[in-house]
Amino acid sequence: FLKFKTIEHGFLRSKVARRIFFLFILCSLIPLSILAYFSLNQVTKEISDQAGVRLYQETKATAMTIIERLLFLKDNLDMVEVHIHEGRTDFYQPSMQVFRDRLEGRFNGLIFISNSNQVTPLLGTISDLPQLSRDEQQHIDGGKTLVLAHPGIGKFARIFMFKAFYSSTRNTLVGEVNPEYLWGGEGFLSPLTELLVLDRFNNVLFSSFQEYYPLQELKDSMQGKPASGRFTWIYKGDTYLAAYRDIFMVSDFFDKWVVVYSQPKSDILAPLNYFKKSSGSSARSARRGP
């Protein structure tokens, strides 16, 4: 433990005294070590719990952002409906430029489908429309707006909005949502976290995950807490914290989306690990002396 030079006087010249001294030091260090160990575990738990709460709050904020944008898109379709009702279907006229520019930032395409299935392009292009189920068609025929996801190419799924034209049977407005508008924008994705958005069929609408995403872990967690909750998952030996929340849109859009935020535990505990590393380096430097 300690290296002494020649000691001419003092109680440490005695072998028994030295043993008593070292035993005293050892008995002092053991309680301090135990206290430090439990304190470290408590701090680690507090940091993890706070991170879980933060992820949960982020799911709520993102869910509100998504629903606000979908409602805003619905209002845009309402405005298009008014323009068509007034006979203004050529959005490329100079007088419609401001309105058209706003729509082009929010929709990749807009079409009007008559009850005889005649398609009138209004803005951009839409191809390969998804087939509607009987319940989905009834939702539209009831004068409501349907949001429907369809597999896309690349990072984003294709999101469509269907709206009955003045509640008339099978006269329908269809818009394909611009994914950059729905998923983009400053502050949409929180730093150091990964975001996953699923529809009611567990189709991926948006994912910032590069490889694996915790779909099965999410399903297992939702069996006990279907609307919102938190869980942990492991990938390639790393532990991740995650939180999820439903966006219940059945009454408005006949769908239910799930927002999932996740973050590696190593990133969450990085400040604590840095502190431990810095403290250890300082202690070693102090022992070495000048």
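Checked against (1) among the aromatic types (Phe, Trp, Tyr); (2) surrounded by fewer than 17 Cβ atoms within 10 Å (Cβ to Cβ); (3) not in a loop (DSSP other than H, G, I, E, B), Phe160 passes all but condition (2). For the stretch 249-264, the tally of residues that are within 30 Å of Leu192 (Cα to Cα) and open to solvent by 50 Å² or more (accessible area, probe 1.4 Å) stands at 1.
Each residue in the stretch 58-95 was checked for being more than 37 Å from the chain's Cα centre (by Cα) and either crowded, with 18+ Cβ neighbours inside 10 Å or not aromatic (Phe, Trp, Tyr) (or both), and 10 pass. Going by the structure shown, is Tyr213 more than 30 Å from Ile84 (Cα to Cα), open to solvent by 30 Å² or more (accessible area, probe 1.4 Å), part of a loop (DSSP other than H, G, I, E, B) and touching a residue at least 12 places away in the same chain (Cβ under 8 Å)? So Tyr213 fits the description; yes. Residue pairs whose Cβ atoms lie under 6 Å apart, separated by 6 or more positions or on different chains, with the first residue in the stretch 117-131 and more than 17 Å from Asp90 (Cα to Cα) and the second of a type in the set (A, V, I, L, M, F, W, C) and surrounded by 10 or more Cβ atoms within 10 Å (Cβ to Cβ), are Pro130/Leu148. Taking the criterion of being aliphatic (A, V, I, L, M) and touching a residue at least 40 places away in the same chain (Cβ under 8 Å), the residues of the stretch 49-84 that qualify are Ala51, Leu55, Ala63, Ile66, Ile67, Leu70, Leu71, Leu73, Leu77, Val80, Ile84. The single condition among (1) modelled with pLDDT of 85 or more; (2) among the small types (Gly, Ala, Ser); (3) under 32 Å from the mean Cα position of the chain (by Cα) that Gly152 does not satisfy is (1). Of all the residues in the stretch 85-142, those that are under 15 Å from Phe160 (Cα atoms) and in a helix (DSSP H, G or I) number 6.
For the stretch 167-174, the count of residues that are open to solvent by 40 Å² or more (accessible area, probe 1.4 Å), outside any strand (DSSP E or B), of a type in the set (S, T, N, Q) and touching a residue at least 12 places away in the same chain (Cβ under 8 Å) is at least one. Report yes if Ile268 is open to solvent by 70 Å² or more (accessible area, probe 1.4 Å) and hydrophobic (A, V, I, L, M, F, W, C), otherwise no. Judged against the criteria, Ile268 is not a match.
Go through (1) surrounded by fewer than 17 Cβ atoms within 10 Å (Cβ to Cβ); (2) of a type outside the set (Val, Ile, Thr); (3) touching a Pro at 6+ places or on another chain (Cβ under 9 Å); (4) outside any loop (DSSP other than H, G, I, E, B) for Leu196 and report which single condition fails. With respect to (1) surrounded by fewer than 17 Cβ atoms within 10 Å (Cβ to Cβ); (2) of a type outside the set (Val, Ile, Thr); (3) touching a Pro at 6+ places or on another chain (Cβ under 9 Å); (4) outside any loop (DSSP other than H, G, I, E, B), Leu196 is out only on (1).
The values are calculated or read from the model by the stated rules, or taken from the named source; none is laboratory data. Bear in mind the structure is a predicted one, so any value in this text is a computation, not a measurement. Heads up, the Cβs are rebuilt from the backbone with ideal geometry, glycines too, and the neighbour counts pull from every protein chain shown. These area figures cover heavy atoms from the full protein model, side chains too; ligands, DNA and RNA do not enter into them. Shrake-Rupley method; radii C 1.70, N 1.55, O 1.52, S 1.80 Å.
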